[in-house]
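Since the structure comes first, as structure tokens, the remarks are kept for the end.
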Amino acid sequence: MTWDLTSYFSEFNGAEMLQFKEAIHADVAALQKTATSLPALNSESASAWEDILLRNEDISRRMSHLGSYISCLVSSDARNESYQKEEAELTRTRAELAKVRIEL
């Protein structure tokens with residue numbers, strides 16, 4: 001069976017997908033940096049922590065989109081090493097985002 005996954009990205013590892021992934025990686029790194037530099041939650045820092053939560057939700061949503069796409073690819077061809085590498089990379093990115101959740 002061949003699935004039409006163009007609603008995700010026009011092609012695997014094409015420019016659109018690569019830009020999407022780069023944006024996620026940059027946003028995760030920036031979020032980690034911001035979250036680790038914030039003081040404990042109090043009335044003065046509440047707005048900044050709210051921003052962290054909203055940014056975390058946005059990144060999680062985009063990672064879910066990418067994860068769904070990669071899962072479909074791996075399901076369709078489990079022997080494809082490129083797909084497996086993408087799945088491993090996504091796992092690493094999820095681990096980096098989990099560091100932000102520790103701060104939360």
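The values are calculated or read from the model by the stated rules, or taken from the named source; none is laboratory data. Predicted model only: the values in this text are computed from it and were never measured. Using ideal geometry, Cβ is built from the backbone for each residue, glycine included, and neighbour counts are taken over all protein chains shown. Accessible surface areas use protein heavy atoms only, side chains included; no ligands, DNA or RNA. Shrake-Rupley method; radii C 1.70, N 1.55, O 1.52, S 1.80 Å.
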If you average the C-alpha positions of region 9-38 and of region 39-104 separately, how far apart do those two centres end up, in angstrom? 9 Å
Counting only C-alpha contacts under 8 Å and six or more residues apart, can you give the relative contact order of the chain as a whole percent? 34 percent
Lys85: which lysines have alpha carbons under 24 Å from its alpha carbon, excluding same-chain residues fewer than 8 sequence positions away? Lys21, Lys99
For region 80-96, Karplus-derived ³J(HN,Hα) couplings (6.51, -1.76, 1.60; θ = phi - 60°; whole Hz; x for glycine and proline) come out as 6, 5, 5, 5, 5, 5, 5, 5, 5, 5, 5, 4, 5, 5, 4, 5, 5
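So what is the calculated 222 nm ellipticity per residue for the chain, using -39500 (n - 2.57) for each DSSP H run with n of 4 or more, over all residues, to the nearest 500 deg cm²/dmol?
So the helix-based figure for the chain works out to -26500 deg cm²/dmol.
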Compute the accessible area per residue over the chain, keeping the other protein chains in place, probe 1.4 Å, unit Å². 64 Å²
Translational D (Stokes-Einstein, µm²/s) of region 48-102 at 10 °C and 1.306 mPa s when Rh comes from the Kirkwood sum over C-alpha pairs? 131 µm²/s
Once the other residues with Cβ under 15 Å from the Cβ of Trp3 are scored (Lys, Arg +1; Asp, Glu -1), what is the net sum? -3
Of all the accessible heavy-atom surface of the chain, with the other protein chains kept in place and a 1.4 Å probe, what percent is carbon and sulfur? 51 percent
When the solvent-accessible surface of protein heavy atoms is calculated with a 1.4 angstrom probe, in what order do Thr36, Thr93 fall, highest first? Thr36, Thr93
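With only Lys, Arg, Asp and Glu charged, each at its Cβ (+1 for the first two, -1 for the last two), find how big the charge dipole of region 51-103 is about the Cα centre; round to the nearest 20 debye.
About 80 debye.
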